[in-house]
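> Right, I'll just put the structure down here and ask away after.
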Amino acid sequence: MSRLERIRLKMQEEKLNAFIVASPENRRYMSGFTGTSAMLVITLEKAYLLTDFRYIQQATAQAPDFQVVKTGSDIYASLTALASNTGKIGFEEESTTYADYLNLKEALPQTELIPQSKILSELRSIKDAGELEHIRQAVKIADDAFAHILQFVEVGQTEEEISLELEFAMRRAGASGGSFDFIVASGLRSSMPHGVASSKKIQQGELLTMDFGAIYQGYCSDITRTLCFGEPTEKQREIYEIVLQAQKAGIAAIKPGIPGKEVDAVARKIIADAGYGDNFGHGLGHSVGLAIHENPRFSLSEEQILEPGMVITIEPGIYIPDWGGVRIEDMAVITEAGCEVLTQAPKEFIIIE
């Protein structure tokens, strides 16, 4: 079943006559169009891609299942002509600004605008074979970049230098870019879960956490590894081992038919039982695809049921202010029997001499 057929089934369930898609990831998912300016209008019978003259050729080539409509400076004027009498129209409330919403209301005064981001979120949560192929390659690019960085890093380098080298390595391997602002945090800074790279230099005896990923054919990867420069202290080894055991337990708990919160609870209990529950403040993981953070998630409150084809991270961490932190992250695809871990980079405690 095509993506258009699938969304139309969802639209019929929600009694929608049309759906407006404007966010870049959802536009690409539904149509294949990768340009930066467009809007999709999907009805129960037709599918339109509205864009200006800059993208007409690109849209025609990339979105063969859509009728390409050339717009002027005001894309909403074309929207009025296409959908002014369509009844109930769904829109993406999570990515629609208030200004955009007002523009939609003005362009479609006779229609009822229905917030319906959940429809596309549900469709995108299950990856097809083509998507999985792209994700596997994005993961491999990140794995290979980690192998490269192990030969590159040394005391005295700055976090920014390491971040740049990771991106260069991934781009040389075919990535179109990094999937987010890389986290490269050393020493005391490694206690910051989102400590993006700074000018700080690596010192002997410090931990270094690197969280990075590649974009390949639009699809993201996400990996975190923590290293130590020089012989680790007893506490550094202890914290690393707790996080590693929590991560392995989380992976082992993954299976279809259960809510994400059950997987989160398994890993979280190991960290809490070790006395560090207050030092693990984020969810265990998140889905990954065209966007780096998708649904469902592994969190304390996630009720969505896991299904085969979902791709999700497993990334427990312990973060201790004025000491440092450890996080280990893999990506996995949920299968009929459990999950397949996609990330292949080693997870033993690596020491850089």
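> Which listed residue (Ala147, Gly174, Phe212) has the Cα farthest towards the positive end of the charge dipole for the range 134-228, taking +1 on Lys and Arg C-beta and -1 on Asp and Glu C-beta about the Cα centre?
With unit charges placed on the Cβ atoms, the residue in question is Gly174.
> Hey, another quick one. Exceeding 22 Å between C-alpha atoms, which entries from my cross-link table qualify? They are Lys235/Lys255; Lys46/Lys88; Lys235/Lys347.
Violating the 22 Å limit, Cα to Cα: Lys235/Lys255.
> From the helices alone, meaning DSSP H stretches of at least four residues, give me the mean residue ellipticity at 222 nm for the chain, per-run term -39500 (n - 2.57), in deg cm²/dmol to the nearest 500.
After summing the helix terms and dividing by residue count, I get -11000 deg cm²/dmol.
> With the chain treated as a Gaussian network of Cα nodes joined by springs under 10 Å, which of Gly156, Gly205, Gly338 yields the largest mean-square fluctuation?
Looking only at Gly156, Gly205, Gly338, the largest GNM fluctuation is found for Gly156.
> Please arrange Phe152, Phe91 by how many other C-beta atoms lie within 10 Å of their C-beta, fewest to most.
Ranked by crowding around the Cβ, least crowded first: Phe152, Phe91.
> Dipole size in debye (nearest 20) for the range 280-353 around its Cα centre, Lys and Arg Cβ +1, Asp and Glu Cβ -1?
100 debye
> To make sure I understand, if each residue's beta carbon is the centre and we count other beta carbons within 10 Å, what order do His134, His194, His293, His286 fall in, fewest to most?
Least crowded to most crowded, the residues run His194, His293, His134, His286.
> Using only Cα atoms, find the angle between the long axis of helix 3-13 and the longest principal axis of the chain, and express it within 0 to 90 degrees, rounded to the nearest 10.
The angle comes out near 70 degrees.
> Taking 0.36 nm per intervening residue step and subtracting the Cα-Cα distance, what contour gain separates Thr34 from Glu262 on full extension?
Between Thr34 and Glu262, full extension yields 78.4 nm more.
> Report the charge-dipole magnitude of the range 3-125 in Debye, nearest 20, computed about the Cα centre from +1 at each Lys and Arg Cβ and -1 at each Asp and Glu Cβ.
300 debye
> Set the Förster radius R0 to 30 Å, insert the Cβ-Cβ distance between Ser198 and Gln344 as r into 1/(1 + (r/R0)^6), and round the FRET efficiency to 0.05.
After rounding, the FRET efficiency stands at 0.55.
> Taking springs between alpha-carbon atoms closer than 10 angstrom, which of Tyr98, Tyr219, Tyr55 fluctuates most in the Gaussian network model of the chain?
Of the options given, Tyr98 has the highest mean-square fluctuation.
> Also: Where does the charge balance sit around Ile334 when Lys and Arg score +1, Asp and Glu -1, over other residues with C-beta under 10 Å from its C-beta?
-1
> Taking the Cα centre of the chain as origin and charging only Cβ (+1 Lys, Arg; -1 Asp, Glu), how large is the dipole, in debye to the nearest 20?
With Lys and Arg at +1 and Asp and Glu at -1, about 860 debye.
> Which residues does a label at Asp100 reach in the range 1-43, if reach means a backbone N under 13 Å from a point 7 Å past the Cα toward the Cβ?
Once the point is set 7 Å along Cα→Cβ of Asp100, 20-28, 36-41 turn out to lie under 13 Å by backbone N, inside the range 1-43.
> Let me ask another. Gain in length, Arg237 to Arg6, computed as 0.36 nm per residue apart minus the alpha-carbon separation, to one decimal in nm?
Between Arg237 and Arg6, full extension yields 78.2 nm more.
> Something else now. Straight-line reach from Lys201: which aspartates and glutamates have Cα under 14 Å away, leaving out those fewer than 8 places along the same chain?
The qualifying aspartates and glutamates are Glu154, Glu159, Glu160, Glu161.
> For the chain, with a Gaussian network of springs between Cα atoms less than 10 Å apart, report the residue from Ala337, Ala185, Ala291 with the top mean-square fluctuation.
Ala337
> Arrange Tyr216, Tyr76 by Cβ neighbour counts within 10 Å, fewest through most, would you?
By the 10 Å Cβ count, ascending: Tyr76, Tyr216.
> Percent relative contact order of the chain, based on C-alpha pairs within less than 8 angstrom and at least six residues apart?
It rounds to 14 percent for the chain.
Read-outs: derived from the displayed coordinates by stated rules, not from any lab. Remember, predicted model here, so these are calculated numbers, not experimental data. Quick reminder, even Gly has a Cβ in these numbers, built from the backbone with ideal geometry, and neighbours come from all protein chains shown.
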